[in-house]
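The values are calculated or read from the model by the stated rules, or taken from the named source; none is laboratory data. These numbers come from a predicted model, not from an experiment. Cβ: placed from backbone, ideal geometry, glycine included. Neighbour counts: every protein chain shown. Note: accessible area is taken over every heavy atom of the protein model, side chains too, but ligands, DNA and RNA are not part of it. Shrake-Rupley method; radii C 1.70, N 1.55, O 1.52, S 1.80 Å.
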Amino acid sequence: MNGNSRVISYCVVALVLIAGTPMAFAGPLADAPPGNAQITVLYDAFGKTPRMQKDWGYSALIEYAGKRILFDTGNNPDILEQNAKAKGVDLSKLDFVVMSHRHGDHMGGLPYLLKVSPTVKIYAPKEGFGVYGADLPSAFYRKDPSLPAEQRYFDGSPPETMRFGSAWPTAIFQLIDKNTEIAPGIHLIALVSDKTEHLELRELSLAINTPQGIAIIVGCSHPGIDKIVAEAAAINPHIQVIAGGFHLVVASDGDVEKIVATLHDTFKVEYVAPGHCTGEPAFTALRKAFGDRYLFAGLGATVELLPTLRK
């Protein structure tokens, strides 16, 4: 068995994503029945699939045991449509969607998604007055009973909960504001960025607890890839693989090296499959640190997922 085959085999069990066996909150997923098992990158700005159009943004389709999960929708609906069709991916057949955060390069493809899959459940971060919709208790604003009714909000009798619309009023959003297990072994990690340039930006990451360890799918890692991994490690300290954008694209060499060392030495991550906003210098540093445990995950890349390791 050659090195590349071994890397793919090991990576994949890490990305075990869906199973139907009930279990406790932190328990790992059981081995799933046979079926398609793969992750396909549908949107990114680098890659080697000529039929697909490169653009800044991220979207990936995850298939496992008959389940189909779309993580983010890229930057442009026309490009998402083109790329999906080029890979033979039918986005009308999805079990659910995860929107990592509100930036256009991750949610711009939603019009195409809703065109072909209008009733799919979409998990998104909950934000006050956010683009995905929101609700707040009417107690959020101060009241002055001395005013006449016509000068008071709702004539002085507001609804207990005030609901606010989204940019996609027909979409079925389920808003998440804390770490949540949405299916057995499948967790959404909800964090808020404290970085100056993205202060208070809320972001969801996907963490799947498998018998081989945690598989993490990240959109842009604005709260910090190290903080996301730390949250996942609280579910299971064995981090098998991380895929997606690590948000090191403008980081200094020193900051990149610190993150790489944290992932490799502190958390002892088995495999990395970086993309999107990870950044070219970070690609180099991660490849150097992880060697054959660095997995290419550019536009059009499909990593086959296997329920058991090959011998």
Subject >> Residue satisfying all of: in region 277-311; in contact with an Asp or Glu (Cβ under 7 Å, 6 or more places away or on another chain) and part of a helix (DSSP H, G or I); modelled with the lowest pLDDT among these >> reply: 293
Original post:
Residue check: is residue 121 touching a residue at least 40 places away in the same chain (Cβ under 8 Å) and open to solvent by 50 Å² or more (accessible area, probe 1.4 Å)?
Top reply: yes
Original post:
Can you name the number of the only condition in (1) at pLDDT 50 or above; (2) farther than 21 Å from residue 275 by Cα that residue 63 fails?
Top reply: (2)
Original post:
In region 159-170, is there at least one residue being at pLDDT below 95, part of a helix (DSSP H, G or I), exposed (fewer than 15 other Cβ atoms within 10 Å of the Cβ) and not charged (D, E, K, R)?
Top reply: no
Original post:
Which is open to solvent by less than 50 Å² (accessible area, probe 1.4 Å) and acidic (Asp, Glu), of 72, 78?
Top reply: 72
**OP:** Specify which of the listed residues (256, 218, 249) is without any contact (Cβ under 8 Å) to a residue 40 or more places away in the chain, β-branched (Val, Ile, Thr) and either out of contact with any Pro (no Cβ under 8 Å at 6 or more places or on another chain) or under 25 Å from residue 129 (Cα atoms) (or both).
**Re:** 249
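For region 212-254: of the residues being of a type in the set (Gly, Ala, Ser) and touching a helix residue (DSSP H, G or I) at 6+ places or on another chain (Cβ under 8 Å), which is farthest from residue 70 (Cα to Cα)?
Among those that are of a type in the set (Gly, Ala, Ser) and touching a helix residue (DSSP H, G or I) at 6+ places or on another chain (Cβ under 8 Å), it is 251.
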Original post:
If you go through region 206-260 one residue at a time, how many are under 19 Å from residue 282 (Cβ atoms) and not hydrophobic (A, V, I, L, M, F, W, C)?
Top reply: 16
**OP:** Find the residue count for region 81-92, including only residues that are under 26 Å from residue 242 (Cβ atoms) and either open to solvent by 30 Å² or more (accessible area, probe 1.4 Å) or polar (S, T, N, Q) (or both).
**Re:** 2
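Of the residues 235, 186, 214, which single one is crowded, with 24+ Cβ neighbours inside 10 Å and β-branched (Val, Ile, Thr)? If you could, list the steps in order and put the result at the bottom.
On the way: 235 fails: crowded, with 24+ Cβ neighbours inside 10 Å; 186 fails: crowded, with 24+ Cβ neighbours inside 10 Å.
Selected residue: 214, the only one of 235, 186, 214 that is crowded, with 24+ Cβ neighbours inside 10 Å and β-branched (Val, Ile, Thr).
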**OP:** Please work out which residue is nearest to residue 236 (Cα to Cα), limiting yourself to region 191-205 and to residues that are surrounded by fewer than 19 Cβ atoms within 10 Å (Cβ to Cβ) and of a type outside the set (Lys, Arg).
**Re:** 192
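Suppose the filter is free of Cβ contacts under 8 Å to residues at least 40 places away in the same chain, part of a strand (DSSP E or B), open to solvent by less than 10 Å² (accessible area, probe 1.4 Å) and within 22 Å of residue 48 (Cβ to Cβ); does residue 272 pass it?
Yes; evaluated as a whole, the condition is true for this residue.
Rundown of residues vs (1) among the polar types (S, T, N, Q); (2) in contact (Cβ under 8 Å) with a residue 12 or more places away in the chain, yes/no style:
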| residue | (1), (2) |
| --- | --- |
| 126 | no, yes |
| 136 | no, yes |
| 139 | no, no |
| 146 | yes, no |
| 156 | no, yes |
| 164 | no, yes |
| 183 | no, yes |
Original post:
Hey, any hits in region 261-268 for a residue that's at pLDDT 95 or above, open to solvent by less than 10 Å² (accessible area, probe 1.4 Å) and either in a loop (DSSP other than H, G, I, E, B) or under 26 Å from residue 38 (Cβ atoms) (or both)?
Top reply: yes
Original post:
Of all the residues that make up region 238-260, how many are closer than 20 Å to residue 56 by Cβ and either open to solvent by less than 10 Å² (accessible area, probe 1.4 Å) or in contact with a Lys or Arg (Cβ under 6 Å, 6 or more places away or on another chain) (or both)?
Top reply: 5
**OP:** Name the residue, out of 3, 35, that is more than 20 Å from residue 123 (Cβ to Cβ), in contact with a Gly (Cβ under 6 Å, 6 or more places away or on another chain) and at pLDDT below 95.
**Re:** 35
